[in-house]
Structure formats: structure tokens, C-alpha cells
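**Student:** Mind having a look at this structure? Questions to follow.
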Amino acid sequence: MRQVLSSCSASISELKKNPTALLAEAEGAPIAILNHNIPTAYLIPAETYEWLLEKLEDSELAQIMKERAGEKKYAIEVNLSEL
């Protein structure tokens, strides 16, 4: 059995009937979509999805920064006027 990671849930049948009403009723919270009482998907508002993508990108950039910070010892100092 899988854990439901949301305080709101709906069946696939309810989702088919009126997805807009489900989103309104959840008031921005994620909705677990259940198939035979097993979560098969999560429905989130577009704003939440966009926010999650931004956070993921920030995390990836932070990881790149950490990796490249270790390469600083190999850097060659240059003067901007010499370029």
C-alpha cells in the first residue's frame, strides 16, 4: 500500500466529472488522485508546479556552484584590460 501524501484526495471518476471544482475545493493544496484507493497521481495548481520547477532549478544551480567552487584552485588570474 502506498502512502497518500496529501490531505485532499479524489477518485479518477470525480476528476473526470469536474476537475475545476476539485481544484477550487482544495484551495491550492495538492490533490491525490486515487484509483481503487491507491494514489496514482497528484493534481496541483499551475502556480505550485511553476514554483516547484523554479526551486528544482535553483537546487541544480546550487549544486553546480558547489562543484565548481572546488575548481577555483585551478583558475588562472587575468586582468580585464589584458583581454
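The values are calculated or read from the model by the stated rules, or taken from the named source; none is laboratory data. The shown structure was predicted, so the numbers you read here are calculated from the model rather than taken from an experiment. Every residue, glycine as well, gets a Cβ built from its backbone with ideal geometry; the counts of neighbours run over all protein chains shown. Please note that ligands, DNA and RNA were not included when accessible areas were found on the heavy atoms of the full protein model with its side chains. Shrake-Rupley method; radii C 1.70, N 1.55, O 1.52, S 1.80 Å.
**Student:** Can you pull out every residue in segment 44-66 that is in a helix (DSSP H, G or I), of a type in the set (A, V, I, L, M) and open to solvent by less than 100 Å² (accessible area, probe 1.4 Å)? Can you show your working first?
**Tutor:** Taking segment 44-66 first, the residues in a helix (DSSP H, G or I) are 46-66.
This time we only want the ones that are of a type in the set (A, V, I, L, M), so: 46, 52-53, 56, 61-62, 64-65.
The answer is Ala46, Leu52, Leu53, Leu56, Leu61, Ala62, Ile64.
**Student:** Then there is this: Which pairs turn up if I take residues in segment 46-73 that are over 26 Å from Pro19 (Cα atoms) and charged (D, E, K, R) and look for partners that are open to solvent by 100 Å² or more (accessible area, probe 1.4 Å) and assigned to a loop (DSSP other than H, G, I, E, B) with beta carbon separation below 8 Å, at least 6 apart in sequence or on another chain?
**Tutor:** none
**Student:** Sort out which residues of segment 1-20 are touching a residue at least 12 places away in the same chain (Cβ under 8 Å), of a type in the set (Ser, Thr, Tyr) and open to solvent by 90 Å² or more (accessible area, probe 1.4 Å), and write them in order of number.
**Tutor:** Listed by number, the list holds a single entry, Ser7.
So that you can scan it fast, the table gives a plain yes or no per residue for (1) at negative phi; (2) in contact with a Pro (Cβ under 6 Å, 6 or more places away or on another chain); (3) not small (Gly, Ala, Ser):
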position: Ala24; (1), (2), (3): yes, no, no
position: Ala32; (1), (2), (3): yes, yes, no
position: Asn37; (1), (2), (3): no, no, yes
position: Tyr49; (1), (2), (3): yes, no, yes
position: Glu54; (1), (2), (3): yes, no, yes
position: Lys66; (1), (2), (3): yes, no, yes
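**Student:** Can you pull out every residue in segment 26-43 that is open to solvent by less than 50 Å² (accessible area, probe 1.4 Å), farther than 11 Å from Leu5 by Cα and either in contact with a helix residue (DSSP H, G or I) (Cβ under 8 Å, 6 or more places away or on another chain) or modelled with pLDDT of 95 or more (or both)?
**Tutor:** Gly28, Leu34, Leu43
**Student:** Of (1) exposed (fewer than 13 other Cβ atoms within 10 Å of the Cβ); (2) assigned to a helix (DSSP H, G or I), Leu23 satisfies all except one. Which?
**Tutor:** Looking at each condition in turn, Leu23 falls short on (1).
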